[in-house]
Amino acid sequence: MKFSVLASGSTGNSIYVENEDHAFIVDAGLTGKKMEALFAQIDREVKQLSGILVTHEHSDHIKGVGVLARKYNIPIFANAKTWQAMDSLIGNVPLEQRFEWQMDEVKNFGTMDIQSFGVSHDAADPMFYTFHEDGRKLVVMTDTGYVSDRMKGMISAADAYVFESNHDVSMLQMGPYPWKIKRRILSDVGHVSNEDAAVAMSEVIAEKETQIYLAHLSKDNNMKDLARMSVSQTLQSCGIMPGEFLHLHDTDAEKSTPLVLV
Ligand SMILES: [Zn+2]
Ligand SMILES: [Zn+2]
């Protein structure tokens, strides 16, 4: 399978995954127009999609869901509580495009299996996805306040990760956000910091070639260089030398990462 992080950050998220005969996006958190432009960057078309997999109802994940689904007649998948929470936000979607994907459910699409798993985040019933084909595994996981042991079990030993590295704790603490919002971000149902992400990575990766895409960076409380540096430093303090078998990659809020094979 191949994937691209079309866009990632606190302003909008979408990850593209394809195999021989299917193509999906996890979330469509930018406007329809921006989503189309991001598809063009990787030389793909929205109309080829087999489905939009929704993680949770926050606007940086669903902004373009309704527009794209209506325009290109694409099925939408989400769990029951997320459907309930996003229904009034995405506009009218015909019944034949509405599909339920339960927590921890595995769905099979040709040679690809996709499994959902729960995360800890302040949304109705947030969940992310792991993709499996030919013994290869891709994990997409952002928007979680911490990485529980159960989650670690779900995401262990993948070949590629889209992994949240949301904020630098001191930037967040010193920054301009109101205390209530700072507390929410730092809480167990907020977002993971650069350091916490790195510690979790060190516990789940296997000793094999592993690509990690640092994702969902906060626009105000993080920077690409800082995220890469602090993840790298924390990994080293956990005994893992980035560049040996583990490789860190940036993602961007407006630019797609190149489509790569997992
Ligand atoms: Zn969220
Ligand atoms: Zn988000």
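Looking at region 201-214, is at least one residue within 16 Å of ligand 2 (Cβ to nearest atom) and not charged (D, E, K, R)? Yes: region 201-214 contains one or more residues that are within 16 Å of ligand 2 (Cβ to nearest atom) and not charged (D, E, K, R). Within region 92-137, being within 16 Å of ligand 1 (Cβ to nearest atom) and assigned to a loop (DSSP other than H, G, I, E, B) holds for VAL119, SER120, HIS121, ASP122, ALA123, ALA124, ASP125, PRO126. Just one of the numbered conditions (1) more than 16 Å from ligand 2 (Cβ to nearest atom); (2) touching a helix residue (DSSP H, G or I) at 6+ places or on another chain (Cβ under 7 Å); (3) touching a residue at least 40 places away in the same chain (Cβ under 8 Å) is not true of PHE117: (3).
Here, each number is a calculation from the coordinates, and none is a lab measurement. Please read all numbers here as calculations on a predicted model, not as lab measurements. In this analysis, Cβ positions are derived from the backbone assuming ideal geometry, glycine residues included, and neighbour counts consider all displayed protein chains.
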